[in-house]
Amino acid sequence: MQYAIVTGDSKGLGQAIATEFIEKGIHVIGVSRTYNHSLEQLAKEKEADYSHIRCDFSDTDDLAQGIDKVMYLAFQRDSEMVYLVNNAGVIDPIETVGNLEADTLYRHMQINVNTPILMMNRFLKEADEQGVKGRIINITSGAAEKSVHGWSVYSTGKAAINRFTETTALEQKEAGKEHLVIAFSPGVVDTDMQGEIRSADSSSFADVDKFKQMKEKGQLRSPDAVAQVLMQLLDRQDIENGKVYKLYDLIEE
């Protein structure tokens with residue numbers, strides 16, 4: 001049986017990705033602070049399975065317990081393939097350096113960096129011990145590769161995830177293992193995070209008007225469309241381990 005762990009599955013891109021897995025008949029284990037009843041209903045309609053673990057990634061104790069529960073559900077005797085999609089993330093703080101608040105900074109790094117790293121660390125340990133093939137997809141951003149006014153923390157966190165993805169894949173290769181580890185950059189997606197970005201003050205985020213115009217002109221992609229591109233990528237036989245795949249490149253192909 002195949003399982004898919006999807007963090008931040010309650011809304012946005014996470015919900016869309018979880019939906020795609022359920023449509024394929026894959027048992028989805030959602031991990032988020034809130035429960036999405038529509039995913040449960042879809043699973044019933046498709047005769048698939050959906051489980052949910054409530055977890056606050058910003059709380060270290062809650063995260064540790066959540067990881068234990070998730071791995072217990074994902075690595076069963078009938079597990080043949082397990083996916084891990086590290087999708088959960090936050091954009092705050094949108095602020096210039098010199099005006100950052102410590103609490104917000106710590107929370108951001110806990111959710112955007114520490115959580116996926118800890119998830120991957122435990123995931124690969126369980127996969128090796130259980131003899132199960134694992135596939136890890138880390139949701140990243142184009143901001144990881146460029147400097148954006150007001151996004152110093154977000155860009156830094158995503159750059160860290162890209163390098164962690166590449167390094168993990170290198171270690172897997174040198175160890176002769178077959179686990180797949182990639183990152184996926186979805187571009188600008190019409191989610192609640194985009195709403196937060198557009199509500200930022202121009203003194204904190206110089207490009208805010210650009211993002212407002214993109215929304216007004218209908219230039220944001222829907223979560224469903226982006227999730228479908230990711231699924232098409234996962235169906236390919238030529239996936240390069242450790243690579244950061246960008247939605248725009250995949251569409252051009």
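The values are calculated or read from the model by the stated rules, or taken from the named source; none is laboratory data. Since the model is a prediction, treat every value here as computed from it, not as a measurement. Cβ: placed from backbone, ideal geometry, glycine included. Neighbour counts: every protein chain shown. What goes into the accessible areas is simple: the full protein's heavy atoms, side chains included, and nothing from ligands, DNA or RNA. Shrake-Rupley method; radii C 1.70, N 1.55, O 1.52, S 1.80 Å.
Worth pointing out:
- Degrees, to the nearest 10: 115-130 long Cα axis against longest axis of the chain: 10 degrees
- Distant alpha-carbon pairs in segment 82-211 (separation over 27 angstrom), percent: 25 percent
- Here the translational diffusion coefficient of segment 1-94 follows from Stokes-Einstein with Rh set to the Kirkwood radius across Cα pairs; for 25 °C and 0.890 mPa s it amounts to 185 µm²/s.
- Sorting the segments 106-114, 135-143, 207-215 by their residues' average number of neighbouring beta-carbon atoms within 10 angstrom, most packed first, yields 135-143, 106-114, 207-215.
- Environment charge at Thr104 (Cβ cut-off 12 Å; Lys +1, Arg +1, Asp -1, Glu -1): -3
- Overall, the accessible surface of the chain at a probe of 1.4 angstrom is composed of carbon and sulfur to the extent of 43 percent.
- Pairs with C-alpha atoms separated by more than 22 Å, drawn from the list Lys24/Lys133; Lys173/Lys243; Lys69/Lys133; Lys24/Lys173, are Lys24/Lys173.
- Sorting the segments 144-155, 1-12, 235-246 by their mean number of nearby beta carbons within 10 angstrom, highest to lowest, gives 1-12, 144-155, 235-246.
- Taking the chain as a Gaussian network of alpha-carbon nodes connected by springs under 10 Å, the highest mean-square fluctuation of the residues Ala102, Ala200, Ala127 belongs to Ala102.
- At R0 = 30 Å, FRET efficiency that the Cβ-Cβ distance of Met1 and Glu196 yields, to 0.05: 0.20
- Label zone at Thr96, where the point sits 7 Å out along the Cα-to-Cβ direction: segment 189-214 residues whose backbone N lies under 15 Å: 201-208
- Looking at segment 160-203, the GluC sites (Glu not before Pro) that sit in a DSSP loop and have at most 14 other Cβ atoms within 10 Å of their own Cβ are Glu178.
- If the segment from Glu129 to Met81 were pulled out straight at 0.36 nm per residue, it would be longer than the present Cα-Cα gap by 15.9 nm.
- For Ala4, the amide hydrogen comes within under 5 Å of the amide hydrogens of His27, Val28, Ile29, Tyr83, counting only partners 5 or more places away or on other chains and with H modelled in the peptide plane.
- Residues whose amide H lies under 5 Å from that of Lys24, counting only those 5 or more places away or on a different chain, are absent; hydrogens are built 1.01 Å from N in the peptide plane.
- Net charge in the neighbourhood of Ile182 (other residues with Cβ under 10 Å of its Cβ; Lys, Arg +1, Asp, Glu -1) is 0.
- Cut-off 10 Å between beta-carbons: net charge of the residues surrounding Tyr50, Lys and Arg +1, Asp and Glu -1: -1
- Loop-located chymotrypsin sites (Phe, Trp or Tyr not before Pro) in segment 25-95 (DSSP state not H, G, I, E or B) with no more than 14 neighbouring Cβ atoms inside 10 Å: Tyr35.
- Angle between the chain longest axis and helix 152-174 axis [Cα atoms, degrees, rounded to 10]: 30 degrees
- Take the chain with all the other protein chains still there, run a 1.4 Å probe, and you get 49 Å² of accessible area per residue.
- Kirkwood radius, the chain, all distinct C-alpha pairs, inverse of mean reciprocal distance: 18.6 Å.
- Computed from Cα atoms, the angle from the helix 223-234 axis to the main principal axis of the chain rounds to 50 degrees.
- Once C-alpha pairs closer than 8 Å and six or more residues apart are averaged by separation and normalised to the residue number of the chain, the relative contact order reads 18 percent.
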